[in-house]
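The values are calculated or read from the model by the stated rules, or taken from the named source; none is laboratory data. Remember, it's a predicted structure, so these values are computed and weren't measured experimentally. Here the Cβ positions follow ideal geometry from the backbone for every residue, glycine too, while neighbour counts run over all protein chains shown. Keep in mind that these areas ignore ligands, DNA and RNA; they rest on the heavy atoms of the full protein, side chains included. Shrake-Rupley method; radii C 1.70, N 1.55, O 1.52, S 1.80 Å.
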Amino acid sequence: MPRGRFREPRGQALVALCLLRHYVAGQAVPDLPTSGSPVVSPGNVLANVGELAATNALEPVGVAPGGRTPSRSWWRETASGVVPVLPALVVLGTFVYGPAVLVVAMSFFHWNLAGFSQSQFAGLSHYRALLNPVSGFVPSLGVTAYYVGVMVPATVVMALLLAMLLRDSTKRVRGLSFFRAVVFLPYVTPSIATAVIWVFIFDPQFGLANAALRLVHLPAVGWLSSTHWALPAVMIDSMWKQVGFSVVLFLAGLSRIPTELMEAARLDGVGPTAIFRRIVLPYLSPVTLAVVMLTTIASMQTFGSIYAMTGGQGGGGGGPIGSTTTTAVYLYKVAFVDFHYGFGATVAVALFVLILGLILVQRRVGERRTFYR
Amino acid sequence: MARLQIEGAVKSFGSTRAVDRVDLDVADGEFAVLLGPSGCGKTTLLRLVAGLEQLEQGRILLGGRDVSQAAPADRDVAMVFQRYALYPNMTVFENIAFGLRARKIGKSEVAQRVERVAAALEISQLLGRRPGTLSGGQRQRVALARAISREPKLFLMDEPLSSLDTKLRSTMRAELKRLHHRLGATVLYVTHDQVEAMTMGSKVAVLRDGRTVQVGSPSDIYHRPADDFVASFVGSPPMNLLDGTVVRAEPGMVVVGVGSASLTLCGTDWSGTASGMGVRIGVRPEDLRLGPPHDSRHRLLGDCTVEVSEPMGHETVLHVNLGGDSLVVRTSSDGLPEYGEKVPLAIDPARVHLFDVSTGVAVGAATEGSVLSPVGAAR
């Protein structure tokens, strides 16, 4: 076999096709493609296409005569599929899936940095402790609910509004792509950097926020030092930072709406509000559902900006007096300020289950109201 | 219903003039067709009438009222779009009712109108379904029903049958025509399909490069094309065009040399011709005949070779070669010559059209009494 066979992009595409072939045909990859079944299914058709392409471009694929024992070419084909995905698999396994499994295991131990052998088994005691009001987990849920409860609807509304302003049909507006870039830019700026800017803006004496309030004759606010205003301040930062991504999703959704529909409605004398409500919104419903789910996940996990904006006294952020201690911040404090790794792992598992549950519910409820063309 | 007048309409997109000083008068209850190849400006003209595009110059009157500046909703026109433009998230009932409700028509009246129109178009059983579950023909009916239910002054139709298959298209053609008779509606209909234009329109406007080339009845367009573009665009297969020269021009008669023969053409007016002028001779495929002439009308043009044969069942279209020129002949399906066979080709000189070779404009059409003779015989 020529060694440099997959240097060509075409070769790599064929590898992907071969893997897909196994996947679509419903075979586990290690299964031997032995006797060719005459069943016609999309999977089989695709498999045939893959086989044909592989046969033409590379070399004979498949099965030894007789079709029972794994032939050399089968091993080659399998290796040709597995080898290219191996680096990604190793990285993901080492840094994502492995640690995730480890965290679940850790949650059942009074974890000691020396490892499992030195750690005392805790059973379900950490999970029981979660529900203990003293632990701080339950209050953190309240803060998280407040944060997510405001962030998700506010992001959807704000992103939709911006997308409507920046949509393709307003092409006549000069500098449309400039404004689009402006909206998207915060999303790709590191959150610590933006948080520092917002800390300046929310400075009680010299900040822009209070200057603006004074301008409209409103009383100044303590912002980050106030238990009432610290979380809203963080929300403003997060919203400003996150909304660009949702705007891009909505813009993509808007571009899918056939202009003929709007024109037909205009000719029928349908007003802009009704067009928006009866045509635009239904068309955007799948995108809206995606935005809701993605914003929910992002909000439940928000840590960087809260940490950077409300850190300082006591360490670990989440102040003042726990008013911005969301579950994600709480998890950090338990694990890395108080060094209760085992309990921290338990909070992490709880947060994961919570997010998963919420997303499943959203999908259930959302899909019934979502209109796919 | 109302009369539609378009006066000097102009519309450009960038440096391209899509519609260039177009005049068109559509009488109350008339079925007018805008016919032309793609990119000729016919859809733009329709959209100007709808108000979906803004006029640059000229004006549009509907029922005597200048609607050039009116919003689409205030023009009282209904449009049927090429791809139906049905609201996919609404049922058929809601699709039809949506526009009616927007016009503040009462709930019971809306329901009545929807049901009446649905019954007329035989889609009553589909009212609860969504457009995604309907066939092309059914969607077309829903789109029509939506337009009809509005009871507008003018119907605009933008190639409404182009997405249907051939069989359904011919059924819908007849149905649209029936509907037009029943409603007595004024219709402006855009198509690039000359069969649709000929069969449906009571008036046809042929457009090219944003201008009207000819406006007239289908028969006018077919039998008296204004120029060689109309001649070759209308008719399937298109008119044959051969280059020739005017040998002699006299009032009421012209002699044209073509190949090895000359045509003596009678007609009322050949004032556009002059001796020595280059002309294009147009003859419809049905005015050519294979085999020796056996009636008084046809005259022998020469021997041709059969190149392609397209049997259609009721007739056959033959592509033949006559001294280097390719010609199309429409003939009955009996006793056909074979590929490569040499056969005599006859022409009906009384059905010949002449076009100025430089401008393409028609300079006259022959009438009864025209003859064909070998070169020199006519002099």
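Only residues that are within 25 Å of B:Val320 (Cα to Cα) and of a type in the set (D, E, K, R): list them for region B:338-370, please. B:Glu338, B:Glu341, B:Lys342, B:Asp348, B:Arg351, B:Asp356 - these are the residues of region B:338-370 that are within 25 Å of B:Val320 (Cα to Cα) and of a type in the set (D, E, K, R). Candidates in region A:193-232 are the residues that are at pLDDT 90 or above and within 23 Å of the chain's Cα centre (by Cα); of these, the one that is nearest to A:Arg167 (Cα to Cα) is A:Pro232. Between B:Val110, B:Val92, the distinction of being aliphatic (A, V, I, L, M), over 30 Å from B:Val215 (Cα atoms) and within 14 Å of chain A (Cβ to nearest Cβ) belongs to B:Val110 only. In this structure, is B:Leu322 at pLDDT below 85 and either on the phi > 0 side of the Ramachandran plot or open to solvent by 20 Å² or more (accessible area, probe 1.4 Å) (or both)? No, not satisfied.
Conditions tested, residue by residue: (1) surrounded by 12 or more Cβ atoms within 10 Å (Cβ to Cβ); (2) free of Cβ contacts under 8 Å to residues at least 40 places away in the same chain; (3) farther than 22 Å from A:Thr296 by Cβ.
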position	(1), (2), (3)
A:Val103	yes, no, no
A:Gln120	no, yes, yes
A:His126	yes, no, yes
A:Leu131	no, yes, yes
A:Val134	no, yes, yes
A:Tyr147	yes, no, no
A:Val157	no, yes, no
A:Tyr187	yes, no, no
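The residue pairs whose first member lies in region A:161-178 and is closer than 23 Å to A:Thr288 by Cβ, whose second member is open to solvent by less than 100 Å² (accessible area, probe 1.4 Å) and at pLDDT below 85, and whose beta carbons are closer than 7 Å, counting only pairs six or more residues apart or on different chains, are A:Leu176/A:Thr170.
Output the residue which, of all residues in region B:36-89 that are part of a helix (DSSP H, G or I) and among the polar types (S, T, N, Q), is farthest from the other protein chains (Cβ to nearest Cβ). For region B:36-89, the residue satisfying everything is B:Thr44.
Can you go through A:Leu281, A:Leu294 and tell me which one is in a helix (DSSP H, G or I), open to solvent by 20 Å² or more (accessible area, probe 1.4 Å) and away from every other protein chain (no Cβ under 14 Å)? Unique residue meeting the criteria: A:Leu294.
Residue-wise test of (1) touching a helix residue (DSSP H, G or I) at 6+ places or on another chain (Cβ under 9 Å); (2) open to solvent by less than 10 Å² (accessible area, probe 1.4 Å).
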| position | (1), (2) |
| --- | --- |
| B:Ala27 | no, no |
| B:Leu46 | no, yes |
| B:Arg83 | yes, no |
| B:Ser108 | no, no |
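Checking B:Leu290 against (1) without any contact (Cβ under 8 Å) to a residue 60 or more places away in the chain; (2) closer than 19 Å to B:Ser370 by Cα, only one condition comes out false. Which one? Going through the list (1) without any contact (Cβ under 8 Å) to a residue 60 or more places away in the chain; (2) closer than 19 Å to B:Ser370 by Cα, B:Leu290 breaks only (2). Just to be sure, is B:Arg103 within 28 Å of A:Ile257 (Cα to Cα), at pLDDT 90 or above and within 11 Å of chain A (Cβ to nearest Cβ)? So B:Arg103 fails the test. The number of residues in region B:8-47 that are more than 28 Å from B:Ala231 (Cβ to Cβ) and not hydroxyl-bearing (Ser, Thr, Tyr) comes to 5.
Scanning region A:239-271 for residues being in a helix (DSSP H, G or I) and away from chain B (no Cβ under 11 Å) gives a total of 17. Go through the residues of region A:317-335 one by one and say whether even a single one is in a loop (DSSP other than H, G, I, E, B), free of Cβ contacts under 8 Å to residues at least 24 places away in the same chain and over 24 Å from the mean Cα position of the chain (by Cα). Checking region A:317-335: not a single residue is in a loop (DSSP other than H, G, I, E, B), free of Cβ contacts under 8 Å to residues at least 24 places away in the same chain and over 24 Å from the mean Cα position of the chain (by Cα).
In a residue-by-residue description of region B:8-27, the property of being within 14 Å of another protein chain (Cβ to nearest Cβ) and not in a strand (DSSP E or B) applies to at least one position. Would you please name the residue that is least open to solvent (accessible area, probe 1.4 Å), looking only at residues in region B:133-156 that are within 13 Å of chain A (Cβ to nearest Cβ) and modelled with pLDDT under 90? Taking the candidates together, the pick is B:Arg150. Of (1) of a type in the set (A, V, I, L, M); (2) more than 30 Å from the chain's Cα centre (by Cα); (3) within 25 Å of B:Ser170 (Cα to Cα), B:Ala111 satisfies all except one. Which? Of everything listed in (1) of a type in the set (A, V, I, L, M); (2) more than 30 Å from the chain's Cα centre (by Cα); (3) within 25 Å of B:Ser170 (Cα to Cα), B:Ala111 misses just condition (3).
Does at least one position in region B:335-345 carry a residue that is surrounded by fewer than 19 Cβ atoms within 10 Å (Cβ to Cβ), farther than 19 Å from B:Val255 by Cα, more than 23 Å from the chain's Cα centre (by Cα) and modelled with pLDDT under 75? Within region B:335-345 (the criterion being surrounded by fewer than 19 Cβ atoms within 10 Å (Cβ to Cβ), farther than 19 Å from B:Val255 by Cα, more than 23 Å from the chain's Cα centre (by Cα) and modelled with pLDDT under 75), the answer is yes, since at least one residue qualifies.
Against the criterion of being at pLDDT below 95, in the same structural domain as A:Val353 (by TED's automatic domain parsing) and open to solvent by less than 50 Å² (accessible area, probe 1.4 Å), A:Leu141 does not qualify.
In this entry, B:Gly39 is excluded by the filter for residues that are in contact with a Lys or Arg (Cβ under 6 Å, 6 or more places away or on another chain) and over 29 Å from B:His181 (Cβ atoms). Confirm whether B:Asp66 is surrounded by fewer than 18 Cβ atoms within 10 Å (Cβ to Cβ) and more than 20 Å from the chain's Cα centre (by Cα). Yes, satisfied.
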